[in-house]
Amino acid sequence: MKHLSRVARRVGVAAGLGVGTAGAMAGVLLLGPLAASILLVVVFVLVWPLASVVRHVTDDAPYGSAPLVAATAAGAVLCLPGLVRLLAWGALGLAAALTLALLFVLIDLVVPDREPHVRPSRKQRRLERLTDARLAEDERLIASLQCPLTIAELCGVWSETATQLAHGAGPRDRQAVAEVRRICLDEFERRNPDGFHRWLDAGAPANPGRYLLPLPGE
């Protein structure tokens, strides 16, 4: 049912474009090439800035291209007198409009159907930029831990993350904490494998310094 609806919509759009093209051609014949060109340019120049402003201030603009909207509006203005002329021609004008409509429908049916591109809203694009900025901030934090820190400083970082998790970190913070802890674990095992395994055997308490740092006097 959904496929039939899409086909019907495409056929309707194609037929409308065919009739519009017939009207535009008749409009050029009615006004003359020079007057028709001036009309197109004037309408395009007037509509383009307005469409750009609407697209900029609206979160969910119903169109993706301001120039395309302006060009469509200019063509529609030219079509109006052309369609009137076609109606004045009677059967000949209707036959010309129907012929072009049928031609456009046939062309559209030959062209493969593609899924429409859904343009993200302005709000969605803002959230994506904010998410990217937060990820970059997390990456800079993680990179700073790789790793001029001493093992004592890494033990302090581990204890701080344990406190942060105990106080209920959010999903984004938990992801960053998990990556920081992974780096700490790698460094613990690389720098002091014996103390690292003693710490794990003790159940990995919140203060790994007791197992990884040398005792006073050693």
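Taking a ≥ b ≥ c as the square roots of the eigenvalues of the Cα gyration tensor, the range 174-218 is prolate, since a/c reaches 1.5 or more and a/b is larger than b/c.
Tell me the per residue accessible area of the range 155-218 using a 1.4 Å probe; a whole number in Å² is fine. Don't skip to the answer; put the middle values down first.
Working: 3980 Å² over 64 residues.
In whole numbers, the range 155-218 has 62 Å² accessible per residue.
Paramagnetic label reach from residue 206 (point 7 Å along Cα→Cβ; backbone nitrogen cut-off under 14 Å): within the range 160-195, residues 160-169.
A simple spin-label model places pseudo-atoms 7 Å from Cα toward Cβ; at residue 65 and residue 102 they are separated by 3.1 nm. Taking 0.36 nm per residue of separation and subtracting the Cα-Cα distance, full extension of the segment from residue 52 to residue 13 would add 11.6 nm. The residue 213 and residue 172 beta-carbon pair, evaluated with R₀ = 30 Å, returns a calculated FRET efficiency of approximately 0.45.
The values are calculated or read from the model by the stated rules, or taken from the named source; none is laboratory data. In this text, all values refer to a predicted model and were calculated from it rather than measured experimentally. All Cβ positions, glycine included, derive from the backbone under ideal geometry; neighbour counts span all protein chains shown. Note: areas computed on protein heavy atoms with side chains; ligands, DNA, RNA excluded. Shrake-Rupley method; radii C 1.70, N 1.55, O 1.52, S 1.80 Å.
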